[in-house]
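A short worksheet on the structure shown next.
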Amino acid sequence: MQEQTILGHPKGLFILFFTEMWERFSFYGMRAMLVLYLTRATSETFNPGMGWTSAEALSLYGTYGMMVYFMGIFGGIAADKWLGQKKAVIVGGVLIILGQFALAIDSLTMFYSGLTLLVCGVGLLKPNISTMVGGLYKKGDAKRDAGFTLFYIGINIGALAAPFIIGTVGETIDWHLGFSLAGFGMILGQVVFVFGGKHLKHVGNLLKHSETESHLATQPLSKVEKDRVIVLLLSFLIVIVFWAAYEQAGGLMSLYARDSVDRFVFGYEIPTSWFQSLHAFYVVLIGAPMAWLWLKWGKMGRESSAIFKMAAGMIIMCISFLALMGAVYDASVNMLGKAPIYWLLFSYFLHVVAELSISPVALSFITKLAPVKYASLMMGAYFAITGLGNKAAGMLGEYAQEAGEMAAFSIIAVACLLVGILLFFLVKKLKELSHGAEDLV
Ligand code: GLN
């Protein structure tokens with residue numbers, strides 16, 4: 001039977017698109033409120049918070065940010081060994097719903113239980129839904145990368161809307177209502193996933209249950225598979241540097257925007273928090289044109305392997321930090337000590353050009369290279385690495401408090417440049433080690 005498609009992609013992609021859009025809506029909505037809720041005084045008569053200090057709140061935020069992604073390893077193992085990706089997504093979704101509603105109850109025990117449930121839930125859902133996207137495409141299907149870009153746009157629609165809707169309700173009406181909204185968002189995601197199940201029959205099932213592939217579950221890895229795992233692990237190490245740079249946006253760059261950037265545009269001062277939505281906004285704006293550009297670049301016969309795109313992304317990331325250094329310089333020579341806003345807008349834009357050359361590409365790449373029986377584990381390991389990148393980002397931010405922004409931004413620019421150059425040199429070797437999987441762009 002011919003598979004039904006929309007825009008040339010399997011219908012299942014759109015089920016995963018909307019499920020993940022709602023999951024991210026719930027995730028980023030909760031994240032937008034977390035620090036604000038923690039630091040608001042308990043003595044406030046309107047919408048009191050938990051009365052933590054900023055340092056305590058940021059520390060919990062950092063630990064939570066690392067844990068949710070780190071748990072991806074266990075989410076991946078659970079899917080490969082016991083659940084299969086589809087069931088892992090369902091169980092993860094239920095845990096997320098319970099977690100958000102636990103946060104909606106005003107009690108410290110419920111607060112910590114909620115966070116724990118969210119860490120486990122996201123750990124189960126996030127890597128496994130990403131692996132399922134890859135499962136929709138046959139080996140060598142040129143649409144795979146574009147499918148991941150579409151999926152990534154869905155992620156960012158959720159991320160873009162969440163702070164405006166959930167954040168606003170939480171901050172201006174009631175925190176707990178905000179957390180409940182995040183819970184309802186995930187319920188919608190679950191409904192889409194369960195009702196759209198008929199388009200996902202052939203993906204995300206436990207290997208042992210699928211008869212044609214049953215021998216794969218017990219076979220040891222071949223030489224080719226081992227080589228491909230090496231390529232993946234190497235690229236993961238590199239990806240840490242990218243996320244450590246990218247995640248400056250929520251920390252150091254945000255403080256910089258607040259204190260050292262002239263945010264007046266036509267007489268209106270842009271709130272610092274709006275910068276938090278810039279990434280997602282740019283992804284939705286340029287996600288499709290970027291995917292098209294890379295496709296065209298490849299069709300012109302130019303090198304367009306995943307490793308090459310990642311290398312290009314790292315160089316672009318380096319340029320984005322050069323732009324930030326320009327801002328720091330401008331601020332230092334300005335009488336008021338403020339930099340013009342265009343540096344920041346430009347830097348965020350380049351962040352996203354780099355992100356789109358690395359993040360969805362990496363997801364797609366993993367589903368091409370990972371041995372079938374470790375497919376979910378490899379995806380989980382990737383998310384764990386992004387969690388470490390988050391942690392490194394926080395440490396760099398702390399370093400900047402003593403050494404200054406110029407020092408931190410230049411270290412990041414140099415690190416991105418070096419990794420980019422290294423990757424350019426490794427393209428050929430890593431493609432060889434990928435044994436053809438890499439050509440399937
Ligand atoms: N922003 C993307 C998302 O929310 C990527 C996150 C990541 O890979 N750590 O899915």
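Structure summary
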item	result
Highest-first arrangement of 372-381, 46-55, 298-307, where packing means the average Cβ count within 10 Å	372-381, 298-307, 46-55
Average silhouette area of region 11-113, convex hull of alpha-carbon atoms, in square nanometres	7.6 nm²
P(r) weight above 20 Å for region 318-441, C-alpha pairs, percent	57 percent
Alpha-carbon centroids, region 95-155 and region 390-408: separation in whole Å	29 Å
Label-point separation, Ile6 to Lys226 (7 Å along Cα→Cβ), nm	4.5 nm
Region 87-126: radius of gyration over Cα atoms, expressed as a fraction of 2.2 N^0.38 Å	1.08
Whole-number percent relative contact order across region 28-71, with pairs defined as alpha carbons under 8 Å at least 6 apart	29 percent
Estimated vicinal HN-Hα couplings, Hz - region 389-406 in sequence order (Karplus 6.51, -1.76, 1.60; Gly, Pro = x)	x, 4, 5, 4, 4, x, 5, 5, x, 5, 4, 5, 5, 9, 8, x, 5, 4
Sites matching GluC sites (Glu not before Pro) across region 1-43 that sit in DSSP coil, with at most 11 neighbouring C-beta atoms within 10 Å	Glu3
Where labels lie 7 Å past Cα in the beta-carbon direction, separation of Ser59 and Leu233 in nm	3.4 nm
Segment Lys429-Ile105, extension gain: residue separation times 0.36 nm, minus the distance between their alpha carbons	111.2 nm
Length released on extending from Tyr342 to Leu293, taking residue separation times 0.36 nm less the Cα-Cα span	15.2 nm
Calculated FRET efficiency for the pair Phe195/Ile270, C-beta based, R₀ 45 Å, to 0.05	0.65
Among the listed pairs Lys139/Lys373; Lys81/Lys126; Lys11/Lys81; Lys138/Lys428, those beyond 22 Å (Cα-Cα)	Lys11/Lys81; Lys138/Lys428
DSSP-loop trypsin sites (Lys or Arg not before Pro) across region 137-210, with at most 10 other Cβ within 10 angstrom	Lys138, Lys139, Lys201
Estimated inter-spin distance, Tyr329 and Asp259, nm [label 7 Å along Cα→Cβ]	2.2 nm
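Values quoted throughout were computed directly from the atomic coordinates according to the rules given, and no laboratory measurement underlies them. Because the structure is predicted, anything quoted here is derived from the model rather than measured. A quick note on method: Cβ atoms are made from the backbone with ideal geometry, for glycine too, and the neighbour counts reach across all protein chains shown.
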